[in-house]
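First the structure, in the form of structure tokens, and then the observations on it.
The values are calculated or read from the model by the stated rules, or taken from the named source; none is laboratory data. If you're wondering where the values come from, they're calculated on a predicted model, not measured in any experiment. Virtual Cβ from ideal backbone geometry, glycine too; neighbours counted across all protein chains shown. All accessible areas refer to the heavy atoms of the entire protein, side chains included, with ligands and DNA or RNA removed. Shrake-Rupley method; radii C 1.70, N 1.55, O 1.52, S 1.80 Å.
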Amino acid sequence: MASVCLVFLTLRAQLATNIPSRLLVPSLVCCYEDVTTEEESILAYLQVLHASVMNMSTNDVSSHSNTFADLFIKLLHYRSSQQEELSEVVEDRIVECFTDLVVKMSENTFRPVFLKLCDWATLSKNYDHITSFYHLADQVAGKLKGLFLLFAGHMIPNCVELLKNMNGKDHQLQQYLLSCLTKCFHYDTVASGFLTTNRFGALLEPLVGQVSRVTDGNSAEKYLVPCLVEFAAATTDDSRWKALNHELLLYSKDDNSLVRRSLLHVLLGLYDRLGESLLVLLPETIPFLAELLEDEDEQVEHLCQKFIKIIELLLGESIQHYF
């Protein structure tokens, strides 16, 4: 049995390396309709596709870019086609294949492909399509780094809409979306100018609003805190920091202790990253801290005390007389 499997693996590799892309790519597109949605079958197909992508020149990829756009739209239907439990491995392989394809594309080649995928997902209003797209966008952002910002602006209006309507059941989409935005903010520079005044204003409330939509503390620390920290770090404008701080502090009065804990994790992350720069926000912040110090939730009180110690280290003096 092992020898038979080895033969099949060798055959797949030879298909990808020995058949010219002008013949192989159209054939892969045509035969995909005959591939079942069973994990083993589609993984075998993706193995051939990935190997062929790795073997192609940039010119080959450019000449087939429209075909690839259509093919990956079909592949990204995988999530919505699963009636039972989704195989994350399959979508991971689809995304991996696409990200390796992307690095062989020029800006002019990649732009229409990405915009076509973005429009396919966002205009469909299909939750599974949108989730798969942001899974892909997150990985592409990690691969292209700052270059991704040349294209990411197209998806910001949809990001805002999704963030406004996010609910507790959308945790996977929320994670992909926050992770993708984190990378965008992280790679933003003055030269790239990605986080414009309009984009900052559009994202501010819905992004901070995720503080009340986290499903558990781990998700908040892994996805939400880094996103809001990078959001703040992408600017040096005091007025933006003040607006962000004001929106955050409103959640200190939330009835849900998890929300109040998430808020404090965000504040801890912000001051850890930006340090003394944020001390200008203390006059507005201290009254809210005074309330949190008397919180009925012990974890909230502990996090608040930890936050106050960080502030005191930055100031070089005690602020206990304020409480």
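Listed values, structure above:
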item: Selected residue [surrounded by 14 or more Cβ atoms within 10 Å (Cβ to Cβ), out of contact with any Cys (no Cβ under 8 Å at 6 or more places or on another chain) and either modelled with pLDDT under 95 or among the hydrophobic types (A, V, I, L, M, F, W, C) (or both)] from L292, L278; result: L278
item: Identity of the residue in segment 309-323, under 21 Å from L250 (Cβ atoms) and out of contact with any Phe, Trp or Tyr (no Cβ under 8 Å at 6 or more places or on another chain), that ends up least open to solvent (accessible area, probe 1.4 Å); result: F323
item: Scan of segment 26-68 for residues that are in contact (Cβ under 8 Å) with a residue 40 or more places away in the chain, open to solvent by 40 Å² or more (accessible area, probe 1.4 Å), closer than 12 Å to V90 by Cβ and among the β-branched types (V, I, T), ordered by number; result: T37
item: In segment 141-180, the residues that are in a helix (DSSP H, G or I), open to solvent by 50 Å² or more (accessible area, probe 1.4 Å) and over 22 Å from G201 (Cβ atoms); result: K143, K145, L147, H171
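Matching residues to (1) touching a His at 6+ places or on another chain (Cβ under 9 Å); (2) in a helix (DSSP H, G or I); (3) modelled with pLDDT of 95 or more:
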residue: F231; (1), (2), (3): no, yes, yes
residue: L268; (1), (2), (3): no, yes, yes
residue: Q299; (1), (2), (3): no, yes, yes
residue: L303; (1), (2), (3): yes, yes, yes
residue: K309; (1), (2), (3): no, yes, yes
residue: S318; (1), (2), (3): no, no, no
residue: H321; (1), (2), (3): no, yes, no
